[in-house]
Structure formats: C-alpha cells, structure tokens
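These notes concern the structure reproduced below.
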Ligand code: SF4
C-alpha cells in the first residue's frame, strides 16, 4: 500500500536526513526540510543502506572507484570491496520497498550509497569524476522508474521542491487510480480530472495522453496501464513554466467568459499579472479561479485537480 495506516502518503528518505545517527562517524545530517515540511505531509520510510547491510556505526568511509558506469564500492583505508554485497542488498531492498509503494524518495547528496547525481567516482590518478550514482540510489531508480526522486540539496530551491511535491501527490493519485481491478470508465474519469494539470506541464504530451485514453478499449489492461502510467509520469516530470501555467489558467478562465462581474474580472486580471511577474505563486490565481468556477457552477472544470494546488509549499 502506498499509504500508511493513517492514510498518509509514504516516501522513502536517506535515514541520516531524518536525524538518525547512522553516518560513518556516528553523526547525522538532519535536514530541516525533511524533518519539517516532508515529515508534516508524509509518512517517512528511512533507509540507511550502509547500516542495514551491516557496516556498523561508526565505520570506515567508503567511495566509488573505477568505471563511472559500473563503479566499485570500496573502503578507503582497508580497500575492502563492498560492491557485490551492496548491489545485491540494494536490489532486494528496492524490491521490498515496491511492496510499500513509496511515492517518492529523497536521497542524501554525494553519498557512494545514496547519492543520486554527480557522486565522485575516484579514478586511478586519485582524482574524482563527478558522474556517479550511489549504488542503492541506482538500484532504487532501476526498480522504481516512475517514482519521483530528488537529491536533498536540490530541494532547497523552491521550484524544484514544489515540482517534487507535485509529482509525489500525482504518483499517489496514479497508483490509487490503477489499484485493484480498475475499470476503463474510472481511468477515463481520472484523466479528465487531471487534464488541466497535465496541460500545464506539456500541452503536447497531454494531447498524446488524450489519444491513449481514446483508444483505451483497444488495449489489453496490463499494456494500457503500463503505457498510461509511464506517459503520465513523463508528462509530470516536465517542469511547468510560468507561460504554461498562464495558458492553462487562461483555458479555465475561458469557461467563465461572460459570467464574471467587472470587479471579479479586474481581480482575476490583477492576480494573473502578479503571477506573470512572479510576485505571487500559482496558489492565489488557481484558488480565485476555483472560487469563481464554484460560484458560477461551471461544471466542465469544477473538479479539475489543477484548481486545488495543495502540493505547493508556499
Ligand atoms: S547517506 Fe545513506 S548510507 Fe550514508 S549515512 Fe545517510 S542514509 Fe546511511
């Protein structure tokens, strides 16, 4: 199940970021975003590959070496090679986390086990190539190709943070839509409610998803599920731009054409202008449009997920 017993969405996280004292030196790397916003919103599933594999704490440091595509994981002092054990454990642990259906994973940067991008891979001359991926992070990404992943250091940037949060909630909705013995009609409905959100990420990919939905009856259920889930998450992975949002907000506003009072119209235009100039977040114009849509009973767009951007942190 992708939700905890209390209904909270689960996400995985490198254990040291939650404050657990699992680092090589017995310390932690408590991250304020992880212990604050993410812990408030999600059920955190902490994983420390190095402790869980039995390296102990404190322990000798380890590093990636050799081939950047298939690096070895070796201890820096004794030279002990942990590659085979870590690869095997990482594959098994990632498969076990599939049973949990975590809807995202936040990894500790630079770690030879957990780092997601640009992890140093030490070469024969002793110099690092910043092109590696920690062995556990690599195994998790292979086993969970659609799950949103982020490096803790990148989440400090508000747009990257909001995009990650948005994808986590989207993945949770997607998992629930296809849970159990789903019906075609329910998926068509799901897609209809997601449409404006998908448009804000990529109108072109949204049209491709529309075509997929139109042909749903021609697919075997398992093939459709695979294709739709992949195309949906690939669309959500495109980071939305201000222009993309303005076009989507404009499409929704078109449904209100002729129904707004001059004051309502003026207020909407002001908020759209503030949003265009990046003085406010999407929340204000989306919520105002949601109010107008409800007030004027515009049923065509009233249940669009886009009109309730609960994923935004600010
Ligand atoms: S980075 Fe990963 S392996 Fe290292 S202490 Fe944190 S959770 Fe453990």
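For (1) part of a loop (DSSP other than H, G, I, E, B); (2) in contact (Cβ under 8 Å) with a residue 24 or more places away in the chain; (3) closer than 15 Å to residue 195 by Cα, each residue gets a yes or a no:
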site: 275; (1), (2), (3): no, yes, no
site: 284; (1), (2), (3): no, no, no
site: 288; (1), (2), (3): no, no, no
site: 298; (1), (2), (3): yes, yes, no
site: 306; (1), (2), (3): no, yes, yes
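All of (1) touching a strand residue (DSSP E or B) at 6+ places or on another chain (Cβ under 6 Å); (2) within 27 Å of residue 240 (Cα to Cα); (3) within 16 Å of the ligand (Cβ to nearest atom) hold for residue 62 with one exception: (2). The set of residues in the range 8-47 being touching a residue at least 60 places away in the same chain (Cβ under 8 Å) and near the ligand (Cβ under 9 Å from one of its atoms) consists of 13, 14, 16, 17, 29, 47. Scanning the range 88-109 for residues that are within 16 Å of the ligand (Cβ to nearest atom), in a helix (DSSP H, G or I) and touching a residue at least 60 places away in the same chain (Cβ under 8 Å) yields a single hit, 97.
Could we say that residue 263 is exposed (fewer than 13 other Cβ atoms within 10 Å of the Cβ), part of a helix (DSSP H, G or I) and without any contact (Cβ under 8 Å) to a residue 12 or more places away in the chain here? Taking the combined requirement at face value, the residue satisfies it.
Looking across the range 38-65, the residues that are in a loop (DSSP other than H, G, I, E, B) and surrounded by fewer than 17 Cβ atoms within 10 Å (Cβ to Cβ) come down to 54, 56, 57, 58, 59, 60, 61. Residue check: is residue 5 more than 17 Å from the chain's Cα centre (by Cα), free of Cβ contacts under 8 Å to residues at least 60 places away in the same chain and within 14 Å of the ligand (Cβ to nearest atom)? When the stated conditions are applied, residue 5 does not pass them.
The numbers here are math on the coordinates, done by the rules we state, and not lab data. For clarity, every value in this text was computed on a predicted model and none was experimentally measured. Every residue, glycine among them, receives a Cβ derived from its backbone with ideal geometry; neighbour counts consider all protein chains shown.
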